[in-house]
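For reference, the structure discussed in these notes is given below.
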Amino acid sequence: MFMQRPHLVTSRGFIRTRALLLLAGCALLSACGGATSGSEQDPSAAGASAAATSSAPATSSAPATSSAPATSSAPATSSAPATTPSVAAVPTNFTASAGDTVVSLSWSASSGATSYHVKRALTSGGPYSQVGAPTASSYTDTSLTDGTTYYYVVSALDSAGESANSAQVSAVPAAPALDVVI
């Protein structure tokens with residue numbers, strides 16, 4: 001019978017191979033937690049799978065199922081959650097001292113900070129505008145108007161971002177008093 005219809009032997013071999021690969025793929029998918037609904041399955045492949053498994057010799061399925069380990073497609077990040085780096089601490093001990101058209105600011109360095117944002121306002125509580133970005137824990141604001149009150153805050157920056165603002169300080173630049181001799 002096969003001599004008269006050689007295409008049947010080729011078709012059955014193809015279907016058997018496809019069915020074994022399909023079963024191996026389903027085993028891998030199940031091992032990885034994947035699932036498919038009935039509407040997503042190929043009905044011809046499912047029928048071929050049933051026909052091939054019932055008529056296939058037992059030795060033909062061993063190479064197909066052992067060709068890929070079930071753990072090869074497991075995600076590497078599923079076992080440990082990622083940690084989010086935290087921003088530097090808010091600067092503390094912030095002080096201001098006024099001079100003639102200048103205000104000198106200093107604060108305690110924040111651990112891990114790479115730079116700071118010094119911000120100034122003309123109204124208590126802001127809004128603040130950035131006036132400097134020093135890498136050290138001090139800054140001198142220059143070209144100010146004597147007799148005007150300036151309000152300052154500072155924040156720390158690191159690779160994770162910017163901290164909240166420090167407590168506010170204020171200063172009033174003033175010209176030095178002149179000694180008058182009469």
Please list, in order along region 159-166, the HN-Hα scalar couplings obtained from phi with the Karplus expression 6.51 cos²θ - 1.76 cosθ + 1.60 (θ = phi - 60°), rounded to whole Hz, x for Gly and Pro. 5, 8, x, 10, 6, 6, 6, 6
Using the Karplus equation 6.51 cos²θ - 1.76 cosθ + 1.60 (θ = phi - 60°), what ³J(HN,Hα) coupling, rounded to whole Hz, does each residue of region 84-90 give in order, writing x for Gly and Pro? 9, x, 9, 6, 4, 5, 5
Counting only residues 5 or more apart in sequence or on a different chain, those whose built amide H sits under 5 Å from that of Val131 are Val118, Lys119, Arg120
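With the other protein chains left in place, how much accessible area per residue, in square angstrom, belongs to region 117-158 at a 1.4 angstrom probe?
On the way: 2000 Å² over 42 residues.
With the other protein chains kept in place, region 117-158 gives 48 Å² per residue.
Could you state the orientation-averaged shadow area of the convex hull built on the Cα atoms of region 103-173, in nm² to one decimal?
Values: hull surface 17.7 nm².
In nm², the orientation-averaged hull projection of region 103-173 is 4.4.
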Mean-position separation - Cα centroids, region 119-144 and region 149-182, in angstrom: 6 Å
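The values are calculated or read from the model by the stated rules, or taken from the named source; none is laboratory data. These numbers were taken from a predicted model, which means no experiment stands behind them. In case anyone asks, the SASA skips ligands and DNA or RNA and just uses the protein heavy atoms, side chains included. Shrake-Rupley method; radii C 1.70, N 1.55, O 1.52, S 1.80 Å.
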